[in-house]
């Protein structure tokens, strides 16, 4: 396509569709090893940095919630694996992931954001016995299983997702 005689008008419809489809383009950009590295980075990323970036009001709230009751919740991993995570902070983590999912200019790959989204919901179900999603049980279980099936997923994240499935009353295995 570097030939000056060719234009986008010469591209078959499937090729144009692929160019316009953000998800398809993103799938070609990130290898499983890349996703594993990005996820590992995000899992250990400071909460205040990402969640505080949602807007100015969230920044101080995140800092207050992350350090409330002397909890050491410095990262997504700390929050999502905590026995009794603060529900408001889980809601903010879910909102961050949802915004990343809905943005074509997300700071993280959509698959990583999707895993964080479902992990936040799972942590609320298992750690707080609270639901922070309007998805019905079947759709939520399907999303949790999808996330668990990512080959690049860290074992501790898979455990969080499995706990969420079990809290819903489903088998914690990927089917």
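No lab work stands behind these numbers, since they all come straight from the coordinates. Nothing here was measured: the structure is a model prediction, and the numbers come from that model. So basically every Cβ, Gly included, is an ideal-geometry build from the backbone, and we count neighbours across all protein chains shown.
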(message) Please compute the contact order of segment 86-146 in relative form: average sequence separation of alpha-carbon pairs under 8 Å and at least six residues apart, divided by the residue count, as a percent.
(response) 32
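Quick one: order 105, 41 by neighbouring beta-carbon count within 10 Å, fewest to most.
105, 41
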(message) Please rank 146, 43, fewest neighbouring Cβ atoms within 10 Å first, as an exposure proxy.
(response) 146, 43
(message) For the ranges 85-96, 131-142, 107-118, 149-160, what's the packing order if you count other beta-carbon atoms within 10 Å of each residue, average per peptide, and put the highest first?
(response) 107-118, 85-96, 149-160, 131-142
